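These notes concern the structure reproduced below.
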Amino acid sequence: MSQPHRNDVGQAFPIYITVVAGLLFLAFAYLAVGQAATNRNGAQTAADAAALAAAQETRDQLAGEWAENVGDPASWDAIFDGAVTGLDDSCWRADQLAAQNAAHIDDCTMDGPLRYSIEVTSDEPVGDSIVPGTEDDYAQASAVAVIESNCTFELPEEGAEADDALPRLTCKEQAWDLDLDDLPELPEPQDLFDVHLTD
């Protein structure tokens, strides 16, 4: 049985080194892609949390307005539509939630009475990798949160005899029979309004 020549072994070694180097390069490339994806996911989490926080803060203010005006059913439609003057800017809540998720707000816009658009950038870069420029690459993400009324009611017809009873308020599947002389426990903000992310 013939033994392999030394020249054959010598020729195989560079090929082996090339294959190993290629595999290492691919491994580092996958690592870089993974780092970027993780960073991007973190930024998206921050954007989602910030948008929801701003919308929830506004929802709570609207619920407070409704509670203060519960005796004036004619004003309910405007409140549930978000057409209320004097509400505080809720972007400060977006700032808080973005910071808690290692990001900062680039833009916070209330583009409509019941809609918040948020853009964030991560505070930490992707980091050093074999991909040039990643050490200064910061992930960015955006999110939109909306506030929607859960409630319906019917005002008495014009000219109808007035009494102390207020319109029945139905929010999702729960109903409240409201009477100014004997008000029950009022609905919570989350009963009155739904807050969720949207495209």
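A few comments on the model shown:
- Extended-chain gain in nm, criterion 0.36 nm per residue less alpha-carbon gap, Q174 and D107: 20.4 nm
- Phi angles across segment 45-51 convert, under the Karplus curve 6.51 cos²θ - 1.76 cosθ + 1.60 with θ = phi - 60°, into 3J(HN,Hα) values of 4, 5, 5, 4, 5, 5, 5 Hz, Gly and Pro given as x.
- Calculated FRET value between A67 and D199, using beta carbons and R₀ = 35 Å, to 0.05: 0.65
- On the beta carbon distance between T121 and D88, with R0 = 25 Å, the FRET formula returns roughly 0.50.
- Using a Förster distance of 45 Å, the FRET efficiency for L183-S142 (Cβ separation, nearest 0.05): 0.60
- Taking amide H atoms as placed 1.01 Å from N in the peptide plane, the amide H of L166 lies under 5 Å from those of L178, D179, L180, each 5 or more residues away in sequence or on another chain.
- Ordering of 189-198, 170-179, 47-56, 91-100 by packing is 47-56, 91-100, 189-198, 170-179, highest average first (other Cβ atoms within 10 Å, averaged per residue).
- Taking θ as phi - 60° and the Karplus parameters 6.51, -1.76 and 1.60, the scalar couplings of segment 170-178 work out to 10, 10, 6, 9, 10, 10, 10, 9, 9 Hz in sequence order, x denoting glycine and proline.
- Note on segment 41-112: dipole from Cβ charges, positive end direction compared against A55, I79, M110; the farthest Cα belongs to A55.
- Proximal charge balance of T109 [Cβ under 12 Å; K/R count +1, D/E count -1]: -4
Every read-out reported here was derived from the displayed coordinates using simple, explicitly stated rules and does not represent laboratory data. Since the structure is predicted, the reported quantities are computational estimates derived from the model, not experimental observations. Counting neighbours? That spans all protein chains shown, and the Cβs are built from the backbone with ideal geometry, glycine included.
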